[in-house]
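Coordinate-derived values only; no laboratory data. Computed from a predicted model, the values in this text were never measured in an experiment. When we count neighbours, we look across all protein chains shown, and the Cβ atoms used for this are built from the backbone with ideal geometry, even at glycine.
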Amino acid sequence: MASEGQSVTGYIQHHLQNLAYGKLPEGYERLDAEGNVLSVLAQDTWTIAHTAQEAADMGFWAVHVDTLGWSFALGTLFCFLFARVAKNATAGVPTGMQSFVELIMEFINNTVNDTFHHKNRLVAPMALTIFVWVFMMNLMDLVPIDWLPLTAATITGDPHLFFKVVPTTDPNATLGMAIGVFLLMIFFSIKNKGIGGFMRELALHPFNHPVMIPFNLFLEIVGLVAKPISLGLRLFGNLYAGEMIFILIALLYSAGLIWGVGGAIMQLGWAIFHILVITLQAFVFMVLTTVYMAMAHDVDEAH
């Protein structure tokens, strides 16, 4: 796609922009790629952004259609596959898919048992869901960078259509999951420790003295808020960097045969290495979530 009249900068920016749906205000001038006015909106309009500037002007309430679409599609695929295996599971010689699912479940169960030493029937299924779902979203990074965007552009007839296929390269997705984990952590902290116990933990730790309460609150609240931010940004940063490398390698295909062959070798090498990255990041997100749930259930450390 870089050879189709796009500059290197334009190619990179195009692949890093989400398909945004949002509201543009009355009187908004819609421009083409060269900055020429195409139309002026007669009223407030909900529409698909045609440029990165339009996506930015849509503001906070813009929806990233591609991120939501792929997230829901991959989540549905995960539920379908595991439900199908559970329905058709046999006690005799298992099928290859059943053996694979059992291997994943045993791995997750052992990891949770090693980390979470309390009773909560939600934690293990949540850990399984997080690991498999995040892994599947990360796995989309191994699809050649132009295939799905080019297919979407061909189907819609819009050669400049934005279409990102890796949900975890969108901070809205990773931070959204992290905030969900954070809310569960707060809920179970209050449920197990009570509001008083939860507040005492914030106010009297690490220094158990009334004079140090303001300092303790500052430290504990900063640490508490940092948990979801670091959880979401860690996943986003690693996958975003991986996607950027794939984009840069893809640019070599438009630089001639020799560079194209070199790009193919580099792409294969990076894809093999990236398998470790996408698996590790799914595992880290799952383990940290389990650790945070364990902290929320650990009443002994409440002060």
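Report the one residue of I195, I247, L233 whose Cα lies farthest in the direction of the positive end of the charge dipole of region 134-301 (charges on C-beta: Lys and Arg +1, Asp and Glu -1; origin at the Cα centre).
Positive-most Cα among the choices belongs to I195.
So what's Rg/Rh here for the chain, counting alpha carbon atoms and using the Kirkwood radius for Rh?
Ratio value, two decimals: 1.05.
If you take every DSSP beta bridge whose two residues both sit in region 12-68, what share of them, in percent to the nearest 5, is antiparallel?
Expressed as a percentage, antiparallel bridges in region 12-68 total about 100.
To the nearest 10 degrees, how steep is helix 213-250 against the longest Cα principal axis of the chain, on a 0 to 90 scale?
It works out to around 30 degrees.
Can you work out the Karplus-derived ³J(HN,Hα) for every residue in region 94-104? Use 6.51 cos²θ - 1.76 cosθ + 1.60 with θ = phi - 60°, whole Hz, and x for glycine or proline.
The phi angles translate into x, 6, x, 5, 5, 5, 5, 5, 5, 5, 5 Hz.
Taking the Cα centre as origin and putting +1 on Lys and Arg beta-carbons and -1 on Asp and Glu beta-carbons, what dipole magnitude results for region 183-299, to the nearest 20 debye?
My answer is approximately 180 debye.
Using +1 on the beta carbon of Lys and Arg, -1 on that of Asp and Glu, and nothing else charged, what's the dipole of region 97-191 about the Cα centre, debye to 20?
Charge dipole, region 97-191, about its Cα centre: 460 debye, nearest 20.
Using the Cα gyration tensor of region 1-160, with a ≥ b ≥ c the square roots of its eigenvalues, what is the shape: rounded (a/c below 1.5), prolate (a/b larger than b/c) or oblate (neither)?
prolate
Taking the Cα centre of the chain as origin, work out the dipole magnitude from +1 charges on Lys and Arg Cβ and -1 charges on Asp and Glu Cβ, in debye rounded to 20.
1000 debye
What's the angle, to the nearest 10 degrees (0 to 90), between helix 65-88's Cα axis and the longest principal axis of the chain?
Roughly 60 degrees, rounded to the nearest 10.
Too long at a 23 Å Cα-Cα cut-off: which of K193/K227; K23/K164; K119/K191; K164/K227; K191/K227?
K164/K227
At q = 0.15, 0.19 Å⁻¹, what is the base-10 log of I(q)/I(0) for region 134-301 according to the Debye formula with one equal point scatterer per Cα and no solvent? Please give it to two decimals.
The Debye formula, applied to the Cα set alone, gives -0.87, -1.16.
Could you tell me what % of all Cα pairs in region 161-220 have separations over 17 Å?
59 percent
Which one of P25, L219, T154 is farthest out on the positive end of the charge dipole of the chain, using unit charges on Cβ (Lys, Arg +1; Asp, Glu -1) and the Cα centre as origin?
Selected residue: L219.
Say the dipole of region 92-191 comes from +1 at the beta carbon of Lys and Arg and -1 at that of Asp and Glu; which of A178, H117, V165 then lies farthest toward its positive end?
H117
Taking 7 Å along the Cα-to-C-beta vector as the label spot, tell me the F72-I275 distance in nanometres, rounded to one decimal.
With each label point 7 Å from Cα toward Cβ, the separation is 3.2 nm.
Order of W61, W70 from fewest to most other C-beta atoms within 10 Å?
Ascending Cβ contact count within 10 Å gives the list W61, W70.
Compute the angle between helix 123-139 and the longest alpha-carbon principal axis of the chain, please, reported from 0 to 90 degrees and rounded to the nearest 10.
For helix 123-139, the angle is close to 20 degrees.
Mind checking which of G35, G237, G27 has the largest fluctuation in a GNM of the chain, springs on alpha carbons under 10 Å?
In this elastic network of the chain, the residue with the biggest mean-square fluctuation among G35, G237, G27 is G35.
Say a site is exposed when it is one of the trypsin sites (Lys or Arg not before Pro), sits in a DSSP loop, and has at most 11 other Cβ atoms within 10 Å; what is then the longest site-free stretch of the chain?
Excluding the exposed sites themselves, the longest stretch runs over 122-303.
What number comes out for the charge environment of T47, summing +1 per Lys or Arg and -1 per Asp or Glu over other residues with Cβ under 11 Å away?
0
Under 10 Å, Cα contacts only: if you run a Gaussian network model on the chain, which one of V291, V134, V101 comes out with the highest mean-square fluctuation?
With Cα springs under 10 Å in the chain, the top fluctuation among V291, V134, V101 is at V101.
Provide D146, D158 in ascending order of the number of other Cβ atoms located within 10 Å of each residue's Cβ, fewest first.
Going from least to most buried by this count: D158, D146.
Using Cβ counts within 10 Å as a stand-in for footprinting exposure, how do E106, E220 rank, fewest first?
Lowest count first: E106, E220.
For the chain, modelled as a Gaussian network with Cα springs under 10 Å, which listed residue fluctuates most, M136, M212, M293?
M212
May I ask you to list the aspartates and glutamates whose Cα is less than 16 Å away from that of K87, ignoring any residue fewer than eight positions away on the same chain?
Partners within reach: E102.
Distances longer than 17 Å among the Cα atoms of region 75-152: what percent of all pairs is that?
Here the tail beyond 17 Å accounts for 58 percent of pairs.
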